[in-house]
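The values are calculated or read from the model by the stated rules, or taken from the named source; none is laboratory data. Keep in mind that this is a model prediction, so the values were computed, not measured. Note that each Cβ is placed from the backbone with ideal geometry, even for glycine, and that neighbours are counted across all protein chains shown.
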Amino acid sequence: MEKVIFDTAGFLSGLQNSFDKVFTTPLVIEEVRDLHSMGTLSFSMITNKVIAMEPSPSAMKKVEMVLREINDRSLTKTDKSVIGLAIDLAPAIVFTDDFAVQNVLMKLGIKFNAVRLGRTAQEIKTFTYVCEGCGRVYKEPKQECPICGGKIKKSVMKPSPKGN
């Protein structure tokens, strides 16, 4: 049976009441700050409906490996922890509205659902960084192009079909 995993959006929407058990990470719990969501989350944790767990070091290494593969440096520690937990608890389904998280989950073959947006990422994206001035391509993000001083923007390098 698939384990249900939430990022912060799941708790802010109160969606945990729709499931018998929800897993998340301590970093997600720290991000829930509005009073109503905190109250609901606290009650869910007291009744063991929500379980907060740290992902394993091996799962986090796998997350970092995939992020290097797709060249995405935009994910937060919290985002990475949710993905790591999904690796540890597989088979799992992650509830998130974050397209960057969905992109990594898709690359890993882990199921996901949107929380509020009603739409999800449809293809795996790999990123590169391009100077708006001279068009030079960089593998790493930079503030400005060392050649012409132009602004560097993150851009999609090559989409691949979902699940590949």
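Checked against (1) out of contact with any strand residue (DSSP E or B) (no Cβ under 7 Å at 6 or more places or on another chain); (2) among the hydrophobic types (A, V, I, L, M, F, W, C); (3) surrounded by 13 or more Cβ atoms within 10 Å (Cβ to Cβ), Val94 meets all criteria but (1).
A single entry from Leu27, Leu12 fulfils the requirement of being of a type outside the set (Gly, Ala, Ser) and at pLDDT below 95: Leu12.
Does the stretch 60-69 contain any residue that is touching a strand residue (DSSP E or B) at 6+ places or on another chain (Cβ under 8 Å), at pLDDT 95 or above and under 21 Å from Leu27 (Cα atoms)? No.
For the stretch 1-33, how many residues meet the condition of being assigned to a loop (DSSP other than H, G, I, E, B), charged (D, E, K, R) and surrounded by fewer than 23 Cβ atoms within 10 Å (Cβ to Cβ)?
So the answer is 4.
Among the residues of the stretch 61-77, are any touching a Ser or Thr at 6+ places or on another chain (Cβ under 9 Å), under 19 Å from Phe11 (Cβ atoms) and either touching a residue at least 60 places away in the same chain (Cβ under 8 Å) or outside the structural domain of Tyr138 (by TED's automatic domain parsing) (or both)? No - not one qualifying residue is present in the stretch 61-77. Among the residues of the stretch 43-61, the ones that are under 30 Å from Gln143 (Cβ atoms) and surrounded by 15 or more Cβ atoms within 10 Å (Cβ to Cβ) come to 1 in all.
Would you call Thr128 of a type in the set (Ser, Thr, Tyr) and either modelled with pLDDT of 85 or more or under 20 Å from Ala52 (Cα atoms) (or both)? So Thr128 does not fit the description; no. Taking each residue of the stretch 35-58 that is assigned to a helix (DSSP H, G or I) and looking for partners that are among the aliphatic types (A, V, I, L, M) with beta-carbon atoms closer than 6 Å, six or more apart or interchain, yields Ser37/Leu12; Met38/Val32; Leu41/Val32; Ser44/Val50.
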